[in-house]
1. Put a dot 7 Å past each Cα toward the Cβ at GLU51 and ALA95; how far apart are the dots in nm?
2. Ranking request for peptides 241-248, 150-157: highest mean number of other beta-carbon atoms within 10 Å first, then the rest in descending order.
3. Order by neighbour count: TRP63, TRP286, fewest other Cβ atoms within 10 Å first, most last.
4. Mind jotting down the distance between the C-alpha centroids of the stretch 226-300 and the stretch 87-138, whole Å?
5. How large is ³J(HN,Hα) for each residue in the stretch 126-133, as worked out from phi by the Karplus curve 6.51 cos²θ - 1.76 cosθ + 1.60 (θ = phi - 60°), to whole Hz, x for Gly and Pro?
6. Of ILE78, ILE113, how do they rank once you tally other Cβ atoms within 10 Å and put the fewest first?
7. Which one, THR84, ALA159, GLY54, is farthest towards the positive end of the dipole of the stretch 32-188 when Lys and Arg carry +1 and Asp and Glu -1 on their Cβ?
Amino acid sequence: MASPHPPLLVVALALALLAGACGGTATPPAEATPEPADPTPAAMASAVRFEAGGVAFDHPAAWVVTDGPAVDGSPGVIAWLGTTPVLGGVPAPLAPGDVLLTLTALHDAAFSIQDVPDGAEPVLVDFLPGYVERPDPGAGRAATTTVRWTLPHPGTVDAAYVLLLEAADPGAADAEAVVGTVLDSLMYHPPAGPLPDGDAARDEMVARALASLAAEDPGFACFGVAGAVTADVTMLPGSRPLTKAVRAECSTTVEATAWRMWCVDLVVRLVPAPSEGVAGMEAEAWVLPDGSVGTLTVRPLAADSSGYQTPSP
């Protein structure tokens, strides 16, 4: 099936403070090969393939699959899998030995796969880094083991797949091993292709992304593929046309990330810097290997009395 959140141009005027240019992109190497679970749990001896919502994976044939309400790429539960009945979209409390794996599509402008919660452990699935947490079991669920995996959605940073395992003894530890094997088999559809090698290929794709941005918003027309240029501009990114041309410095910084995207930080600063009001704009564009833009955020830069531009809260 098609990916629930294809690479769309998602433009948000960020209200929260970003942690600098493409902040928080340090991750485990994406090209490392994940280690398969060993030995294979007995429950996976007769596995079947699940495919929906942009992911596919193997699961025990004994598990019942109940479709969730998320359709046509909308956020929400894609499916429940396991031995626990789900009636009217509500899973029943776990009985002894029950297993429930809930697959959810998350898409939220306030979310970023870069922001790993404290205490979470890194995990690599189909070459893309995510993380795993062990929250307390929910009251009334009778689960003795609760594990939550948050996996990236290829082509974006503000969307994810969340797999929540709830398992009740006896056999809760075995259920976690089974889900480990499930994750080993997980593949994204369409897959996240690797970034092309070499500076020339990178510059070509960044130039393609900048051209598409400028075609939709002339405020992006002043940027080059790298470094800084000074130009007269009549519009800032994500804003209305100016009443007259102003001098501005437009700088571009490109960083390859483990999510098989480039993070392109675009900053335009008015020259000279004003002592108050808006001193420029900053945009963060996540560029895919084919030069398309997945996620774009734009925010104003505020000036202070010293002329130093600071991110607007």
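1. 3.3
2. Working: 241-248: 12.2, 150-157: 25.2.
Sorting 241-248, 150-157 by mean packing, highest first, produces 150-157, 241-248.
3. TRP63, TRP286
4. The distance from the Cα centre of the stretch 87-138 to that of the stretch 226-300 comes to 34 Å.
5. Running phi through 6.51 cos²θ - 1.76 cosθ + 1.60 with θ = phi - 60° gives 6, 6, 10, x, x, 8, 10, 10 Hz.
6. Numbers: ILE78 26, ILE113 23.
Starting with the residue having the fewest Cβ neighbours, the order is ILE113, ILE78.
7. THR84
Only the coordinates and a few stated rules stand behind these numbers; no lab work does. These numbers come from a predicted model, not from an experiment. In this analysis, Cβ positions are derived from the backbone assuming ideal geometry, glycine residues included, and neighbour counts consider all displayed protein chains.
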